[in-house]
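The values are calculated or read from the model by the stated rules, or taken from the named source; none is laboratory data. These numbers come from a predicted model, not from an experiment. Heads up, the Cβs are rebuilt from the backbone with ideal geometry, glycines too, and the neighbour counts pull from every protein chain shown.
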Amino acid sequence: MDSHAINDLKKLLGADAVLHRPEELLLYEYDGSVEVARPNCVVFPRNTKDVVGVVQIANRYQIPIIGRGAGTGLSGGALARQGGILVVFSRMNRILEIDVENQRAVVQPGVVNSDLSVAVAHTGLHFAPDPSSQKASTIGGNVSENSGGPHTLAYGVTTNHVHSLEAVLPTGELVRLGSPALDSPGYDLLGLFVGSEGTLALITEITVKLTRLPETVKTLLAIFDTVDDATETVVDITARGITPAACEMLDGWTIRAVEAYVHAGFPVDCAAVLLLEVDGVREAAEQNAEDVADVCRLHHAREVRVARDARERDLLWKGRKNAFGAVGRLSPTYYVQDGVIPRTKLPQTLRRINEIGDKYGFEIGNIFHAGDGNLHPIILFDAREEKQFQRAVATADEIIGFCVEMGGSITGEHGVGMEKDRLMPLLFTEDDMNLMRRVRDAYNPTGLLNPGKIFPNTKGCGEIHVRPLPVAGVSRA
Amino acid sequence: MSTASATVSSRLADIVGPSNVVTDPTQLAAFAIDDKTPSASVSPQSTAEILEIVKFARKEKLAIVTTGARTKLGIGLPPRQYDVALDMTRLNRLVSYDPGDLTLSVEAGIPLHKLAAILAEHHQFLPLAVPYFDRTTIGGTIASGVDGPLRQLYGTARDYLLGMEFVTGEGVCAKSGGRVVKNVTGYDIHKLMIGALGTLGVITRINFKTFPMLSSSRAFIASFQTVERAAGMRNRVSQSHLAPVTMEIFSPGVASLFSSETAFRIAPTSIPENIFSGSRWIFTSGFAGNPNALARYETDLRKMAEECGAVDAAVLEGPQLTSAFALKREFIPVALSSSPATTILKVSVLPRQIAEALSAATREVESRHLPWVTMARGVGIIYFAILPTESSEGTKQQVVQASENILSSCAALGGHATIPWCPAAWKNTLKVWGLPRADFAQMLKLKKVFDPDGIFSPGRFVGGI
């Protein structure tokens with residue numbers, strides 16, 4: 001990278017806000033995915049003006065720019081695929097305003113997801129999107145990826161909780177999209193920009209919706225001796241019109257990995273558990289908990305436990321949310337997939353995943369958002385062996401292909417990024433993708449912002465899709 | 001018929017068959033928008049036919065307005081040019097419905113009430129309780145961006161729309177999203193089509209998430225002496241753990257509005273008279289659940305109403321509930337039918353500013369002796385209807401002045417307002433799309449991508465897009 005550009009960045013931000021020596025950049029060549037790409041420099045803006053300045057420098061020297069929060073993403077969204085300036089928002093981490101009465105908060109993009117909920121907890125409110133990475137991932141990252149999480153089953157994903165954005169376009173224009181008051185006249189630009197995976201703008205401020213914490217929460221653990229019984233239970237709960245706040249499934253393999261690490265109290269001899277949560281006013285939550293338990297028993301649940309207090313509830317969730325960390329102890333590397341299927345297809349899809357694993361000789365763990373059909377099969381492999389790595393990718397591709405065959409999607413919450421760009425044609429025609437590319441080009445005309453993401457490279461230059469990692473990835477779903 | 005329009009209709013007839021093209025001026029009057037009538041209407045039955053029509057229109061520089069049940073064509077500015085009405089009512093199939101997955105895919109021309117009947121067989125529904133419910137199509141509902149009382153609990157279409165197929169102004173069929181309930185693959189282009197009045201594309205197919213039908217429901221209704229007290233009740237409920245299905249505040253004038261003939265056709269069962277009293281503000285909130293939950297809501301709401309100074313309170317169920325809900329849903333058509341020059345402002349503010357925004361608006365109309373009535377949703381969306389007794393130039397000036405001041409007072413509160421409904425002849429004087437917007441340049445960029453030649457509804461949308 002041009003040393004003049006580095007000097008300009010240092011002049012703008014101060015020397016302590018610019019990293020460019022190779023050893024400093026090492027940390028930033030990863031995110032939570034299995035991808036690797038090293039930026040030419042990393043900058044830490046402190047405010048919107050800094051971000052505009054960085055964008056102007058990038059334009060002056062024609063260098064790519066890529067936004068990044070905590071780097072917990074699972075699709076390579078925050079990696080500098082073609083090098084360039086990585087704009088890390090960790091110093092823009094202030095909660096600017098909390099409006100309890102109107103249930104809104106204004107935050108900088110670097111605010112950590114769970115920090116916002118902690119900050120407003122005393123008011124009885126919280127920020128509902130709860131990706132498992134929430135203790136590390138930033139709201140800016142959540143907005144860029146339109147993150148989900150266990151409780152999005154009932155509460156909706158990130159896009160349902162954003163009122164307004166301030167953002168810097170790759171041209172350097174500062175824009176404000178949406179508004180704290182609802183139904184902004186004109187096209188829903190806010191809806192377009194949320195979830196655009198950092199390809200349309202760098203987000204500098206976010207107005208989010210705060211949701212009231214429920215009066216009553218009932219957390220249930222249903223234990224099953226067969227995977228089929230567990231998946232049939234999910235299908236039946238949905239069909240009966242019960243919408244739990246969360247409906248998570250862990251298979252036996254994952255449970256054993258989790259128990260060895262977290263000691264959440266999951267029975268290690270079962271085939272699957274469902275972690276179910278219902279909430280609302282006391283009268284409704286109690287009834288729903290009974291109804292859900294009845295459906296579990298109808299499908300031969302060996303046991304249905306109800307968490308007696310907050311401590312028991314937290315422990316169960318700790319098991320779920322730390323599952324990927326637990327898996328990381330078992331294998332040098334793992335690959336988490338993010339396919340979505342119609343919920344009625346859960347039983348056959350899990351059986352098929354098992355068969356695909358056998359075919360390629362991998363053990364595949366399953367821990368996922370069963371309630372909305374969002375699968376996270378985990379393929380354990382050793383990335384130091386190139387062949388094993390390629391086989392893992394082939395396994396994942398076959399699973400995703402099956403999800404699409406079932407009428408599903410290639411990603412439910414992790415994003416396309418640089419991981420799944422080549423799979424986009426499974427869902428979209430050339431016409432579909434061309435229109436999306438042109439929308440991108442309308443706001444990102446020089447392509448300097450986050451290049452090489454979402455859309456497959458039309459030139460087919462034979463770029464290697466993913467490169468093996470030397471060490472265990474720490475991933476969160 | 002001119003030679004040019006004869007050529008147009010014959011080419012359209014080649015695409016869809018002569019029986020699906022209308023050129024008779026009497027029949028075409030039904031497709032008029034403001035002062036403009038198209039030279040033909042065409043009713044395709046497939047996306048392939050729409051592609052042909054759009055390609056032809058583009059080549060011939062014809063302006064297309066996509067129509068459904070034609071209940072909301074009055075929204076927006078008059079079209080700059082209007083040659084062909086693209087009537088979507090024959091594209092009305094249910095493409096797929098998976099009750100077990102709670103997902104649905106439909107063609108744009110399907111009437112909303114028909115769809116509701118299909119879903120009801122499986123005890124499911126779409127939370128689109130929108131005006132003109134018994135006539136409107138799903139495509140028209142989405143393209144016009146109208147809302148309904150259920151948004152209190154369910155949000156708006158953007159919250160449960162899963163994907164869409166559409167035809168762009170370049171005659172390309174494209175799609176976005178998918179048919180599963182959780183999906184982040186590609187850009188959410190479909191959200192852009194909501195409320196865009198068809199200026200970005202012709203919506204051909206829409207995928208939705210459906211919802212389990214609510215168990216028993218009831219409505220709580222209470223009257224208050226002042227708007228502040230009624231709004232106070234709204235605030236009290238929103239601070240509680242209750243999660244009501246609907247929540248609205250009505251102004252005193254609603255009593256006479258809801259006793260009109262149009263209102264009676266929509267809702268034959270009347271609501272207790274002592275509740276919709278002429279001089280009081282009304283708070284209403286629907287709630288649902290099992291018998292224990294219903295009892296809890298009723299007890300809590302009554303207690304809150306008392307604390308907030310309610311004069312009267314009642315709980316509606318059965319036919320009364322159905323009537324009250326229908327009236328809430330159909331507030332706009334009822335208001336439109338009750339004056340020769342109904343002008344409805346859609347005002348959006350933060351929920352806590354409802355009373356302030358309403359007081360400011362009320363001052364503007366009362367000082368000009370203009371009759372008015374209003375419905376404010378608990379989420380901060382206010383429909384403020386000015387109901388002049390006649391449509392003279394003098395009255396117009398009064399309405400223009402009042403609306404301008406309401407737009408400014410709303411902007412001063414940090415909100416925004418538009419005038420979706422008003423007499424056609426007033427549209428060039430009233431600020432139909434509200435005050436100029438800073439993000440307009442970003443909207444133009446999109447229009448250029450989707451419809452570079454401007455053949456879709458030219459001039460009707462924000463900023464004359």
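Quick notes on this one:
- Across region A:221-231, not a single residue is classified as closer than 24 Å to A:Arg320 by Cβ, within 12 Å of chain B (Cβ to nearest Cβ) and touching a residue at least 24 places away in the same chain (Cβ under 8 Å).
- Within region A:104-116, if we keep just the residues that are surrounded by fewer than 22 Cβ atoms within 10 Å (Cβ to Cβ) and within 14 Å of another protein chain (Cβ to nearest Cβ), the residue that is nearest to A:Arg21 (Cα to Cα) turns out to be A:Val106.
- The residues of region B:418-454 that are of a type in the set (S, T, N, Q) and within 7 Å of chain A (Cβ to nearest Cβ), listed by number, are B:Thr418, B:Gln442.
- Candidate set: region B:249-277, residues that are modelled with pLDDT of 95 or more and in contact with a helix residue (DSSP H, G or I) (Cβ under 8 Å, 6 or more places away or on another chain); chosen: the one surrounded by the fewest Cβ atoms within 10 Å (Cβ to Cβ): B:Ser251
- Of the criteria (1) in contact with a Leu (Cβ under 9 Å, 6 or more places away or on another chain); (2) surrounded by fewer than 21 Cβ atoms within 10 Å (Cβ to Cβ), which one B:Val334 fails: (2)
- Residue within region B:157-169 that is within 9 Å of another protein chain (Cβ to nearest Cβ), free of Cβ contacts under 8 Å to residues at least 12 places away in the same chain and surrounded by fewer than 24 Cβ atoms within 10 Å (Cβ to Cβ) present: yes
- The set of residues from region B:365-394 being in contact (Cβ under 8 Å) with a residue 40 or more places away in the chain, farther than 28 Å from B:Val237 by Cβ and crowded, with 20+ Cβ neighbours inside 10 Å comprises B:Ile386, B:Leu387, B:Pro388.
- A:Leu96 meets all of the listed conditions (1) in a strand (DSSP E or B); (2) surrounded by fewer than 22 Cβ atoms within 10 Å (Cβ to Cβ); (3) within 14 Å of chain B (Cβ to nearest Cβ); (4) aliphatic (A, V, I, L, M) but one, namely (3).
- Selection status of A:Arg422, free of Cβ contacts under 8 Å to residues at least 24 places away in the same chain, of a type in the set (Lys, Arg) and more than 8 Å from every other protein chain (Cβ to nearest Cβ): no
- Of B:Gly380, B:Gly459, all but one fail to be at the interface with chain A (Cβ under 8 Å from one of its Cβ atoms) and either in contact with a helix residue (DSSP H, G or I) (Cβ under 7 Å, 6 or more places away or on another chain) or of a type outside the set (S, T, N, Q) (or both); the exception is B:Gly380.
- Flag for A:Leu165 being within 13 Å of chain B (Cβ to nearest Cβ) and surrounded by fewer than 21 Cβ atoms within 10 Å (Cβ to Cβ): no
- Against the criterion of being closer than 27 Å to B:Thr67 by Cβ, among the small types (Gly, Ala, Ser), surrounded by fewer than 23 Cβ atoms within 10 Å (Cβ to Cβ) and under 19 Å from the mean Cα position of the chain (by Cα), B:Ala417 does not qualify.
- Region A:379-410, subset in a strand (DSSP E or B) and modelled with pLDDT under 95, residue nearest to the chain's Cα centre (by Cα): A:Ile379
- Reported count of residues in region B:83-117, each being within 16 Å of the chain's Cα centre (by Cα) and free of Cβ contacts under 8 Å to residues at least 24 places away in the same chain, is 1.
- Boolean, A:Thr254 is under 26 Å from B:Pro99 (Cα atoms) and crowded, with 24+ Cβ neighbours inside 10 Å: no
- Scanning region B:278-322 for residues that are in contact (Cβ under 8 Å) with a residue 12 or more places away in the chain, among the polar types (S, T, N, Q) and in contact with a helix residue (DSSP H, G or I) (Cβ under 8 Å, 6 or more places away or on another chain) turns up B:Thr284, B:Ser285, B:Asn290.
- 2 or more residues among the hydroxyl-bearing types (Ser, Thr, Tyr): qualifying strands (runs of 3 or more DSSP E) within region B:62-139: B:64-67, B:94-98, B:103-107
- Every condition in (1) within 26 Å of the chain's Cα centre (by Cα); (2) under 27 Å from B:Phe211 (Cβ atoms); (3) surrounded by 21 or more Cβ atoms within 10 Å (Cβ to Cβ) holds for A:Ile242 except the one numbered (3).
- Options A:Ala136, A:Ala119: the member that is out of contact with any Ser or Thr (no Cβ under 8 Å at 6 or more places or on another chain) and more than 11 Å from chain B (Cβ to nearest Cβ): A:Ala119
Every residue, every condition in (1) outside any strand (DSSP E or B); (2) free of Cβ contacts under 8 Å to residues at least 60 places away in the same chain; (3) of a type in the set (Gly, Ala, Ser), yes or no:
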site: A:Ala136; (1), (2), (3): yes, no, yes
site: A:Gly140; (1), (2), (3): yes, no, yes
site: A:Val143; (1), (2), (3): yes, no, no
site: A:Gly172; (1), (2), (3): yes, no, yes
site: A:Arg176; (1), (2), (3): no, yes, no
site: A:Ser184; (1), (2), (3): yes, yes, yes
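- Scan of region B:30-61 for residues that are within 20 Å of B:Ala6 (Cβ to Cβ), among the hydroxyl-bearing types (Ser, Thr, Tyr) and touching a Lys or Arg at 6+ places or on another chain (Cβ under 8 Å), ordered by number: B:Ser43
- Extreme residue, surrounded by the fewest Cβ atoms within 10 Å (Cβ to Cβ), among residues of region B:189-230 that are among the small types (Gly, Ala, Ser), under 24 Å from the mean Cα position of the chain (by Cα) and within 11 Å of chain A (Cβ to nearest Cβ): B:Gly195
- Under the condition of being out of contact with any Asp or Glu (no Cβ under 9 Å at 6 or more places or on another chain), under 19 Å from A:Asp421 (Cα atoms) and surrounded by 23 or more Cβ atoms within 10 Å (Cβ to Cβ), the residues counted in region A:70-93 number 0.
- Residue tally, condition of a type outside the set (Asp, Glu), closer than 28 Å to B:Val16 by Cβ and free of Cβ contacts under 8 Å to residues at least 40 places away in the same chain, over region B:118-140: 1
- A single member of B:Gly186, B:Gly139 is modelled with pLDDT of 95 or more, within 12 Å of chain A (Cβ to nearest Cβ) and surrounded by 24 or more Cβ atoms within 10 Å (Cβ to Cβ), and it is B:Gly186.
- A:Arg351 being outside any helix (DSSP H, G or I) and either more than 13 Å from A:Phe368 (Cβ to Cβ) or not small (Gly, Ala, Ser) (or both): no
- Residue in region A:416-432 that is part of a helix (DSSP H, G or I) and touching a strand residue (DSSP E or B) at 6+ places or on another chain (Cβ under 7 Å) present: yes
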